[in-house]
Amino acid sequence: MEISELQDRLGFTIPNSYIETINNSKISKGFDVKTLCILNLILRDNDNEGWTENRFFLNGDGCGNFYFINVDSDRSKVFLWVHDPLGIEDPNYTVLEYLSSAIQEMPFSGSLCTEFDISRTEKIDESVLNPISLDEWKTIIGKIPNLIYTGFKEGKNPFSGDIYKIKILGIAVFNDGDIESEFLLSNGHISTESTCDKTKKICQLIKNEV
């Protein structure tokens, strides 16, 4: 993948501070472009609050926090988005300093899809490059008997016994009175934790529609 395709997929121009650094530096040639693309698309897919907007993410720190450059700034400055407590930190790196010292974290395992994964790509983590959309998923659900889109997951408070619901876009439940299986659309692919024979047949029905 080239930088031009990365820009097309992300929908913005990669900051000059990054381009100039990888073009002019003898120290660092930058990170793998395909990995950068997958990282940014996965973070964007899991962003319900807008925290990825106008940010070009470079890497994770292994603890769920992510280094980024502001898209709308020409400053050669790297920041760190922190999830707990939520905020932005200044690690005091220029782009060159960061790229020269950091090791690119792989945001994916490279695992091949199993018979219980539904994806348009051979490797499950690359599905975000050719994703199944939520609208497509809902259309497929409507074609399979006993598969219902819920968009939430239920839980029980261990102290009060109260039932609560957690909003999860992309979740659906198959229930035919014999088994109950959850299917989740996430990062462009559909998966389930159930591995029984009937679930396998449902997975095949879904694959036939993708």
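None of the figures in this text is laboratory data; all of them are computed from the coordinates on show. Please read these numbers as outputs of a predicted model, since none were measured by experiment. Cβ: placed from backbone, ideal geometry, glycine included. Neighbour counts: every protein chain shown.
Details
- Crossing angle, helix 197-209 versus the chain [Cα axis fit, 0-90 degrees, rounded to tens]: 60 degrees
- Taking the charge dipole of the range 1-78 about its Cα centre, with +1 at Lys and Arg Cβ atoms and -1 at Asp and Glu Cβ atoms, the residue from 70, 16, 39 reaching farthest to the positive side is 16.
- Relative contact order (%) - criterion: Cα under 8 Å, at least six apart; region: the range 117-209: 31 percent
- The range 49-188: relative contact order in percent, alpha carbon pairs under 8 Å with at least 6 residues between: 13 percent
- Between the range 1-74 and the range 105-168, the Cα center-to-center distance that results, in Å: 25 Å
- Note on the chain: with a GNM built from Cα contacts shorter than 10 Å, the maximum mean-square fluctuation among 112, 36, 184 falls on 112.
- Neighbourhood charge, 12 Å Cβ-Cβ cut-off, centred on residue 34 and excluding it, Lys, Arg +1 and Asp, Glu -1: -3
- Nearest 10 degrees, 0 to 90: helix 33-45 Cα axis against the chain principal axis: 50 degrees
- Furthest towards positive pole of dipole, 91, 139, 103, structure part the range 85-167, Cβ charges: 139
- Stokes-Einstein D for the chain, Kirkwood Rh over Cα pairs, 25 °C, 0.890 mPa s (µm²/s): 127 µm²/s
- Taking only the Cα atoms of the range 117-209, the radius of gyration and Dmax are 14.1, 45 Å.
- Listed peptides 141-154, 79-92 by packing density, highest first (mean Cβ within 10 Å): 141-154, 79-92
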